[in-house]
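Taken together, the values in this text are just the output of simple stated rules run on the coordinates, not laboratory data. Bear in mind that the values here come from a model prediction, so they are computed numbers and not experimental data. Here the Cβ is made from the backbone with ideal geometry for all residues, glycine too, and neighbour counts use every protein chain on show.
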Amino acid sequence: MIWNEHAECMEREQLIKLQNERLQAMVSRLYYNVPFYRKKFQEQGIEANDIRSVDQLKYLPLTIKQDLRDNYPFGLFAVPQSEIVRLHASSGTTGKPTVGGYTRRDLETWSEVVARSLYAAGVDHNDVVHVSYGYGLFTGGLGLHQGAQKIGATVIPASGGNTKKQLQIMHDFGSTVLACTPSYALYLAETMKEIGMDPSELKLRRGIFGAEPWTEEMRKEIEQKLHLKALDIYGLTEIIGPGVAMECEHQNGLHVFEDHFLPEILDPQTLQPVPYGEVGELVFTTITKEGMPLLRYRTRDLTSMTIEKCTCGRTMARLHKFMGRTDDMLIIRGVNVFPSQVESVLLEMSETEPHYLLIVDRVNNLDILEILVEVNESFFSDEVRQLEALTHKIKANIESTLGISAKIKLVEPKTIERSEGKAKRVIDKRPH
Amino acid sequence: MLLQQLSLFLENKTGRLAEVTRVLSEKHINIAAFSIADTADFGILRMIVDQTDVALAALKQQGFAVHTTDVVGFVIPNQPGNLYQALQHLDSIAIEIEYLYAFAHNGDAAAVIKTNDNKLTATTLKEFGYHLLEAGEQLD
């Protein structure tokens, strides 16, 4: 099924023509409306109407995450704030979140690309779409929600957490599509087993999984455990959110919605484009975005790309499954976890020091979070049960804040590595 | 009347205990009594030493989570049934024992005990004629 055949199956020649026009307009918007970009253009001697074709992309400056932080929160917006109708953000370990600002038209574009994504997964208005991505500043929940609404599906805005209740709802409401992170999908499967629910009792037939890299093995595991077809959705707040690229039912790469987002694959060292099929860093230019258009944004995601036509009929470029991503936000069992949340819990408790380390691992395909916490010298007790009570108290506070359980391990003072620069709060041992 | 015990928080990690004893040995500190309460992840080391203040400072300086705790030390004559008798006295006035460990003392046994009321424990034991160990007393 194809939501927008005109756009998604456009001949490449015609697509490039469209991209050229849109890129030209975008560069002009950046030049006149975003001082950060104007300065960069002027430094390189680029005038507003110098850029006429996507072939010239390689001459344009790159944008990195630090640029977003430096211009936090609204410095890269290309429209007055009165035009912005929505803000999203993805937080980071180093404090400042990455902000995304949307105009009304940006929200429409976003709904459009998610609608395309859902259709690519074979989802339509007859489906009951259960959205277990977190709702809030995170783009996952609302992103999927808007797209599912656009195609006329029945949307269940379940958000994250409360797993047993989610299963009950899925069962009672007859959910046919599950949208969440792949690890949360597995956690749901695990919980089903625990409560003695058989996947055949549910009507799930499709899974729209993303927001973290996942392997083919993981796909098989999920498909087998949940009795559904699992498809990969890709996106990032900086670009728009989920729906930048999506797998179709042939599960043969993620189609990039190239009429809105120009993909490039660059050698991360030389920053020069690599040939199709070769792995490099994925870089996006948003050619239709109004609120916060980004030029050649380095995603830090590693993948390769092909422009061969897919069996499904779509002509848009396809990305291969992602090889890795370095991002600040941790996604553990489908729940977004920010190390700063742990810090705030520990700071609220007088008995602990705000020195901690999150160790995330994957055991039997399930994410495990362990938090090492330094005991406060003055509070430390000579009685085991008091220390155990402390451990339980931390555990309970962490769980109510993060929404997921964690193993708490008390450690001796000053044993967690200190840093003068960016603190290392996370050791992620999960295979990417 | 009360004894000062050193209490240390130790992670369950190889070499930690050895490190404690190294610090004490370098300061020529003698350990009179020693006990470890352990859980899966950590242990609490409890010790009676001959120079508590020196040991405390040395261990702190090495970064250990250590502090002193008041405990009651008393001598139990080396005969069957004597510990039972002592504990019965405490039980009769509803004293709750947090922990207890014992060591050899001049041919008799000595016990270190921490209860919900150390002072009452000490006076009760004294009343019943038990010899209480004092800080600075030769404990070996």
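At 4 °C and a viscosity of 1.567 mPa s, what translational diffusion coefficient does Stokes-Einstein give for region A:1-327, taking Rh as the Kirkwood radius over Cα pairs? Give it in µm²/s as a whole number.
Diffusion coefficient, whole number: 64 µm²/s.
Just to be sure I understand the model, the point goes 7 Å from the Cα along the line to the Cβ. What's the resulting residue A:269 to residue A:311 distance in nm?
3.7 nm
Give the span of region A:236-373's Cα atoms along each principal axis, as three whole-Å numbers ordered largest to smallest.
That works out to 60, 37, 29 Å along the principal axes.
Give me the lysines in straight-line cross-link reach of residue B:27: C-alpha distance below 21 Å, same-chain residues under 8 apart excluded.
B:60
Collect residues whose amide H, placed 1.01 Å from N in the peptide plane, falls under 5 Å from the amide H of residue A:428; neighbours closer than 5 in sequence don't count.
The answer is A:360.
If we count trypsin sites (Lys or Arg not before Pro) as exposed when they sit in a DSSP loop and have at most 14 other beta carbons within 10 Å, what is the longest stretch of chain A that avoids them all?
That would be A:53-308.
From largest to smallest, what semi-axes in whole angstrom does chain B give when each is the square root of 5 times an eigenvalue of its alpha carbon gyration tensor?
Taking √(5λ) for each Cα gyration eigenvalue gives 28, 16, 13 Å.
Tell me what chain B gives for mean residue ellipticity at 222 nm when only DSSP H runs of n ≥ 4 count, each as -39,500 (n - 2.57), the sum divided by the residue total, rounded to 500 deg cm²/dmol.
Taken over chain B, the calculation gives -9000 deg cm²/dmol.
Calculate log10 I(q)/I(0) of the protein assembly as shown for q = 0.08, 0.11, 0.12 Å⁻¹, where I(q) comes from the Debye formula with a single equal point scatterer on each Cα and nothing for solvent.
-0.67, -0.97, -1.09
How about region B:46-140: which trypsin sites (Lys or Arg not before Pro) there lie in a loop by DSSP and see at most 13 other Cβ atoms within 10 Å?
Qualifying residues, ordered by number: none.
Take the Cα atoms of region A:1-119, find their three principal axes, and give me the spread along each one in whole Å, biggest first.
42, 34, 28
Ranking A:382, B:50, A:172 by Cβ neighbours within 10 Å, fewest first, what do you get?
The most exposed by this proxy come first: A:172, B:50, A:382.
If you wrap a convex hull around the Cα atoms of region A:64-119, how much volume per residue is inside, in Å³?
So the per-residue Cα hull volume is 96 Å³.
If you take every DSSP beta bridge whose two residues both sit in the protein assembly as shown, what share of them, in percent to the nearest 5, is antiparallel?
75 percent
Quick one: grab the alpha carbon gyration tensor of region A:338-428, order the square roots of its eigenvalues as a ≥ b ≥ c, and give me rounded if a/c is under 1.5, else prolate or oblate depending on whether a/b is larger than b/c.
Verdict is oblate for region A:338-428.
Taking the 0 to 90 degree range and rounding to the nearest ten, how far is the long axis of helix A:384-402 tilted relative to the main principal axis of chain A, both from C-alpha atoms?
That works out to roughly 20 degrees.
Using only helices, what value at 222 nm comes out for chain A when you add -39,500 (n - 2.57) per DSSP H run of length 4 or more and divide by the total residues, to the nearest 500 deg cm²/dmol?
For chain A, the value works out to -9500 deg cm²/dmol.
For each pair in A:414/B:114; A:164/A:203; A:40/A:65; A:164/A:229; A:17/A:58, compute the distance between the two Cα atoms and list the pairs where it is over 19 Å.
Result: A:414/B:114; A:164/A:229 exceed 19 Å.
Given a cut-off of under 8 Å on Cα pairs at least six residues apart, what relative contact order in percent is computed for region B:71-127?
Computed over region B:71-127, the figure is 45 percent.
What whole-number value in cubic angstrom gives the convex hull volume per residue for the C-alpha atoms of region B:71-127?
Enclosed volume per residue, from the Cα hull, is 72 Å³.
May I ask for the Kirkwood hydrodynamic radius of region B:3-69, worked out over all distinct Cα pairs and given in angstroms to one decimal?
After inverting the pairwise mean of 1/r, the radius is 11.8 Å.
If each residue of separation counts as 0.36 nm, what is the full-extension length gain between residue A:193 and residue A:276 once their alpha-carbon separation is subtracted?
Here the segment from residue A:193 to residue A:276 would lengthen by 25.6 nm.
What is the diffusion coefficient of region A:147-196 in µm²/s, taking the Kirkwood radius over Cα pairs and the Stokes-Einstein relation at 20 °C with a viscosity of 1.002 mPa s?
The Stokes-Einstein estimate is 183 µm²/s.
Output ³J(HN,Hα) for region A:51-59: one whole-Hz value per residue in order, computed from phi by the Karplus curve 6.51 cos²θ - 1.76 cosθ + 1.60 with θ = phi - 60°, and x for Gly and Pro.
Working through the residues one at a time gives 8, 10, 8, 5, 5, 8, 3, 4, 8 Hz.
Against the longest alpha carbon principal axis of chain A, how many degrees, from 0 to 90 and to the nearest 10, is the axis of helix A:163-173 turned?
In chain A, helix A:163-173 runs at an angle near 50 degrees to the longest axis.
Give a quick list of chymotrypsin sites (Phe, Trp or Tyr not before Pro) in region A:40-85 that DSSP marks as loop, anything other than H, G, I, E or B, with at most 16 other Cβ atoms within 10 Å.
Loop-located and lightly packed - A:74.
Quick one: helix B:82-92 against the long Cα principal axis of chain B, what's the angle to the nearest 10°, folded into 0 to 90?
Helix B:82-92 sits at roughly 80 degrees to that axis.
Within 10 Å of each candidate Cβ there may be at most 16 other Cβ atoms; applying that plus a DSSP loop requirement, which GluC sites (Glu not before Pro) in region A:251-295 survive?
A:278
Do you know the relative contact order of region A:1-327, to the nearest whole percent, from alpha carbon pairs under 8 angstrom that are 6+ apart?
Result for region A:1-327 is 18 percent.
By count of other Cβ within 10 Å, fewest leading, how are A:9, A:310 ordered?
A:9, A:310
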